[in-house]
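The values are calculated or read from the model by the stated rules, or taken from the named source; none is laboratory data. Just so it is clear, the structure is predicted and the values come from calculations on it, not from any experiment. Heads up, the Cβs are rebuilt from the backbone with ideal geometry, glycines too, and the neighbour counts pull from every protein chain shown.
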Amino acid sequence: MQMTLRWYGSRFDTVTLQQIRQIPGVTGVISTLYDTAPGDVWELDAILALKKEIEEAGLSLAGIESVNVHDAIKAGLPECDRYIDNYIATLENLGKADIHLVCYNFMPVFDWTRTELARVRPDGSTVLAYNQEAVDKLNPEEMFSSISGDTNGAVMPGWEPDRMEHIKELFDMYRDVDDEKLFANLKYFLERIMPVCDKYDINMAIHPDDPAWSVFGLPRIIINKENILRMMKMVDNPHNGVTFCSGSYGTNLKNDLPDMIRSLKGRIHFAHVRNLKFNSPTDFEEAAHLSSDGSFDMYEIMLALYDIGFTGPIRPDHGRMIWGEVAMPGYGLYDRALGAAYLNGLWEAIEKSHKK
Ligand SMILES: [Mn+2]
């Protein structure tokens, strides 16, 4: 495996490449062109400039997270082909830039959903948290106003103001889309992009839905072992793979994370590894990476990745906000650096104990 950190680019991230370079064992970053909108074609020059900047800092660009999929594709609208053409053009440019990993998701309307961005834990750190009862009390528009008001109510990151204005249209778009239609739209999208992935050896790595169940009545399909194996089979190409995100699949306590990893041998192209602390099955917070701070056995997760011969990029996921750092919630330097060091330690121990 290659240990990496997510980095949003020098114009958007509070963390610098020079800082990332100093985390022991972190050799690459996962980045994106953060100011491109879903549906835009990524220009080759911009991709090459990003890559050059990262390489000049002594790191590698290990992959892209994310190239976002336009809602027209997910909803299967008549104009979806135009947007898929643009997606293919972006993949073509990424391939020309020698980039071989693309993370994406197929969640309708929202990206990951949390109800609090700064829940205070007993040690004074603040973390992202989710409470289903809080979500059930609100409709999506109320969620929006609670973000803009920055109250202590529910907050949904990733809900950009221009998307907020179109929230009703977005929901309308998915009115007739159930799980089966969403699967069919995903299949259509994958079948159309696989030739360019084959040509440039680009691994597509779908990110699970987070939380791994339906919110606001929207369909969600990348949520469990059964569905993800169905997806692997419906477009049976090694370039059709997954981002294994322990913190997202782990939101549903019925998901056996090590078992899921073992069942996806050869199809996990990218791994996000983090821990969650459950206060109840529908209330969780993003703990430190250490097993004893949360509800998951991180050793078993890393062991499963080792057992399947995982060689792709891995990254610590959302970190806590500690030591007074001010950064994008989940994406500070300090706790993610601790996470990377801890995961590297687990990996070294597993590797050496297997060689003996
Ligand atoms: Mn993730």
Filter result for residue 338 (in contact (Cβ under 8 Å) with a residue 40 or more places away in the chain, surrounded by fewer than 19 Cβ atoms within 10 Å (Cβ to Cβ) and over 25 Å from residue 204 (Cα atoms)): yes
Matching helices (runs of 4 or more DSSP H) fully within the stretch 215-276 where at least 3 residues are touching a His at 6+ places or on another chain (Cβ under 9 Å) and modelled with pLDDT under 95: none
Within the stretch 339-356, can you find the residues that are over 17 Å from residue 297 (Cβ atoms) and assigned to a helix (DSSP H, G or I)? 340, 341, 344, 348, 351, 352, 354, 355
Quick one: would you say residue 278 is within 28 Å of residue 140 (Cα to Cα) and in contact with a strand residue (DSSP E or B) (Cβ under 6 Å, 6 or more places away or on another chain)? yes
Those helices (runs of 4 or more DSSP H) completely within the stretch 48-150 that have 2 or more residues that are closer than 24 Å to residue 288 by Cα and of a type outside the set (Val, Ile, Thr) are 132-136
Pairs only if they're at least six apart or on different chains, beta carbon under 6 angstrom, first in the stretch 102-130 and within 22 Å of residue 66 (Cβ to Cβ), second at pLDDT below 85 and of a type in the set (Lys, Arg); list them, first residue then second. 128/114; 130/114
Which condition from (1) under 22 Å from residue 42 (Cα atoms); (2) touching a residue at least 60 places away in the same chain (Cβ under 8 Å) is the one that residue 82 breaks? (2)
Enumeration of residues in the stretch 43-67 that are free of Cβ contacts under 8 Å to residues at least 12 places away in the same chain and not charged (D, E, K, R): 49
